[in-house]
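Read the structure below first, then the notes.
The values are calculated or read from the model by the stated rules, or taken from the named source; none is laboratory data. This structure is a prediction, so every number in the text was calculated from the model and none was measured. Positions of Cβ are backbone-derived with ideal geometry, glycine not excepted, and every protein chain shown enters the neighbour counts. Just so you know, the surface numbers come from the protein's heavy atoms only, side chains and all, with ligands and any DNA or RNA stripped out. Shrake-Rupley method; radii C 1.70, N 1.55, O 1.52, S 1.80 Å.
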Amino acid sequence: MPATRYRAAPAATLSIVSLDLMRAVYHRASGRTHLVSEPVPEILAALADEPLDEVALLDRLARDYAIEGDAAALGERLEELVATGLVEQL
Amino acid sequence: MNHVFAVRIGPVGFRVGSDWRAPIDTLADLYRDYPAPEDGIPDFSVRLFARRPWRRVLRPQVMIGGDYTIPDAAPLPLSLGLLAAEMGMNLQMALAQRRYLLLHASCIERDGRAILMTGESGAGKSTLAALMMARGWRLMGDEFALVEPETGLIYSFPRLVSLKNQSVGVVGEALRGARFGPWQRDTPKGDIRHLVPDGASIAAMAEPARAAAILFPAYGHAPDRREVAPGECFVRLTQASTNYVALGERGFDTLTRLVRDVPATAIDYPDAATACAMVEEFAA
């Protein structure tokens, strides 16, 4: 069975504003505001162009953003992001 | 409604109708230097009405109504009619205002620089605003600061200043000759008295100002100040806004711009004199 892949909500549905170490994210589809910090903005950016599974996403975060983490922690973040609607599970 | 009063406070017009004459007479007296709603058309209506028809006479109980109401709100005795009217006006603003982002904050201005002061009830924002008015600042409001989404400018909402308990005496000392409404005793927030803003604050109420500082005052601590980062400021102000969610992306854009452009500071203070001196430091 192929691994679950994830993709970020379309860029047109998000407004992201940088506030010091945080990012404020307005999700137009739900009308909800989220205040997020690393690694969430990086996850959204990595998943913006193409859907990735967890392994590929971990590699991408390490390569592009020098963010090291384990699969379990990433899984939890993805679960939260799916619940908010900022990330879609394919 | 048997008795009616209309007034403009900042950019907002109100019409207050009442089953009783007394609250309307008090409002008309306290707001006598304020203009009428623009073109005579109010933005919001408030109604003070009897709970049951016979209560109007037998045991007067004031219910607050209007364009927007809170179901099951407890009635107030007629002696608190002024408080009921003020609560009714605040309620319409909090629930229905869409032109501006509403921040639950007091606001003062000098030389075009507005200072917003927000915090929990009891932080002293109304008292501080009144005391700064005594020191020559313009009072832009003690309850709501109105942020215009298109420009980020702060608009004034200088309603009567609601002072509680000991702060009435403190402000009375600082503002000799100021006009106050009747005591509103034994309210859920203690004894309240409403202060009429000074003539300069009323005369300039149509003039917006640019926000220069956001303060989070806290009473009862040794003097201290701490910078509040934009992220934390954003969270605190979303909580301090009554209509952030209702404004949708306009609210988001307005608030993120405000917290990025305007420095925010938490100030702890042990007494009013110290607090005023600390606020003055943000004037420059």
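Can you pull out the GluC sites (Glu not before Pro) in segment B:136-202 whose DSSP state is coil and whose Cβ has at most 15 other Cβ atoms within 10 Å? Please list the in-between numbers first.
Working: sites: B:143, B:150, B:173; in loops: B:143, B:150.
Hits after loop and neighbour filter: B:150.
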By accessible area of protein heavy atoms, probe 1.4 Å, what ranking do B:51, B:260, B:179 get, highest first?
B:260, B:51, B:179
Angle check, please: helix B:249-261 long axis (alpha carbons) against the longest principal axis of chain B (alpha carbons), in degrees 0 to 90, nearest 10.
40
Taking every DSSP bridge whose two residues both lie in segment B:168-284, the antiparallel percent to the nearest 5 is 55
Could you tell me the relative contact order of chain B? Use alpha-carbon pairs under 8 Å, at least six residues apart, and round to a whole percent.
17
Estimated [θ] at 222 nm from DSSP helical runs (n ≥ 4, -39500 (n - 2.57)) normalised by residues in chain B, nearest 500
-8500 deg cm²/dmol
Mind checking the mean number of beta-carbon atoms from other chains within 10 Å of the Cβ atoms in A:16-25?
5
Can you give the Rg to Rh ratio for chain A, taking only C-alpha atoms and Rh from Kirkwood?
0.94
Sort B:125, B:189 by heavy-atom solvent-accessible area, probe 1.4 angstrom, most to least.
B:189, B:125
Tell me, what ³J(HN,Hα) does each residue in segment A:18-27 have, in order and in whole Hz, if you take phi through Karplus 6.51 cos²θ - 1.76 cosθ + 1.60 with θ = phi - 60° and put x for Gly and Pro?
7, 10, 6, 7, 9, 10, 8, 10, 9, 9
If one takes the longest principal axis of the Cα atoms in chain B, at what angle in degrees, from 0 to 90 and to the nearest 10, does the Cα axis of helix B:81-96 lie?
60
By how many degrees, between 0 and 90 and to the nearest 10, does the Cα long axis of helix A:40-49 differ from the longest principal axis of chain A?
70
Of B:242, B:254, B:274, which is the most mobile in a GNM of chain B whose springs link Cα atoms less than 10 angstrom apart?
B:274
Rounded to the nearest 5, what % of DSSP beta bridges with both residues in the protein assembly as shown are antiparallel?
80
Test of the criteria: in segment A:1-89, which GluC sites (Glu not before Pro) are in a DSSP loop and have at most 14 other Cβ atoms within 10 angstrom of their Cβ?
A:68
Given the options A:3, A:69, A:40, identify the residue whose Cα lies farthest towards the positive end of the charge dipole of chain A (+1 on Cβ of Lys, Arg; -1 on Cβ of Asp, Glu).
A:40
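Please compute the length gained on full extension between residue B:67 and residue B:99, using 0.36 nm multiplied by the number of residues separating them and subtracting their Cα-Cα distance.
Value of the extension gain: 9.9 nm.
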Between residue B:153 and residues 5 or more places away or on another chain, which pairs have amide H atoms under 5 Å apart, with H built 1.01 Å from N, and which residues are they?
B:148
For the modelled label position 7 Å from the Cα of residue A:20 along Cα-to-Cβ, which residues of segment B:229-244 have backbone nitrogen atoms closer than 15 Å?
B:229-238
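I want the antiparallel fraction of DSSP beta bridges within chain B, as a percent rounded to 5. Please report the intermediate quantities before stating the final value.
Values: 43 of 59 bridges.
Just about 75 percent of them are antiparallel.
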Chain B: most fluctuating residue of B:212, B:96, B:222 per GNM, C-alpha cutoff 10 Å
B:222
Ratio for the protein assembly as shown, C-alpha Rg to 2.2 N^0.38 Å, reads 1.17
List the pair-distance distribution P(r) of segment B:101-280, using every Cα-Cα distance, as the percent of pairs falling in each 10 Å bin from 0 up to the bin containing the longest distance, rounded to whole percents.
10, 40, 36, 13, 1
List the chymotrypsin sites (Phe, Trp or Tyr not before Pro) within segment B:192-283 that DSSP assigns to loop and that have no more than 13 neighbouring Cβ atoms inside 10 Å.
none
